[in-house]
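Take a look at the structure set out below.
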Amino acid sequence: MAARRSNTAAALVGALALALITGCSSNSPAEPAPSATAVETTVPAAPVAAESAEATPAPAETTEAPVEPAAPEVDEFSQVVDGVVYQGTEKAPVRIGEDTPGQAPAVEPEITVENWDTRTQEADKYLAYVAPIDGGYYYKIFGLSRHGSFRELDNKDYGNRTLPTLEEVLAAPMLVDGRVLDRSEYVLWVV
């Protein structure tokens, strides 16, 4: 009994779908009802109406000025330079300052063995310390921690492997807290 109701329900749903798809209305001539077998085994695809260029109305001209997107939100770890937001993190705040993004910071030529830590702190920059080791090179990033101490924040010894050339290390992204530092944020010190 349940199977007969299921077949009957399926036939009715199929007939209704077919009627909707073919555009039957009360004004159309009577059509023969589809057989229950055809409805159960065949599900017609929904028609896709093609729009003609003539049927599509032209967009209305507006006299309003385009709406400018809202300025991105900048938190205390980020900085906006020339309309571009440089997003930082709590552990790695942006330290571009007055320098030009993509270029070495102005303080870099002033760094010496005697003043590297104090001068870097005064300029509010990170320090990328690049050194040779075991026939290759690696780097360490120093900077002010969120607790106020100047210390190593990240390093890249490439899983206890070094990169074979200085050029490869200099081309590698300098990372702190998973964020690639802009060149203007760090003083490069190669020993």
*Enumerate the amide H contacts of Asp177 below 5 Å, restricted to partners 5 or more residues apart or on another chain; note that Pro and chain-start residues carry no placed amide H.*
none
*Kindly report, to the nearest 10 Å², the accessible surface of Asp134 as traced by a 1.4 Å probe over protein heavy atoms only.*
140
_How large a share of the accessible area of segment 100-190, in percent, is made up of carbon and sulfur atoms when the probe is 1.4 Å and the other protein chains stay in place?_
48
*Grab every C-alpha pair in segment 81-162, bin the distances at 10 angstrom width from 0 up to the longest one, and report whole percents.*
15, 43, 35, 7, 0
*Using heavy-atom solvent-accessible surface (probe 1.4 Å) with all chains present, what is the largest-first order of Ile96, Ile111?*
Ile111, Ile96
*Mind putting a number on the dipole of segment 100-190 about its Cα centre? Charges go on the C-beta only, +1 for Lys and Arg and -1 for Asp and Glu, and I need it in Debye to the nearest 20.*
200
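The values are calculated or read from the model by the stated rules, or taken from the named source; none is laboratory data. Just so we're clear, the structure is a prediction, and the values are computed from it rather than from any experiment. Here Cβ is always computed from backbone atoms with ideal geometry, including for glycine, and neighbour counts include all displayed protein chains. In case anyone asks, the SASA skips ligands and DNA or RNA and just uses the protein heavy atoms, side chains included. Shrake-Rupley method; radii C 1.70, N 1.55, O 1.52, S 1.80 Å.
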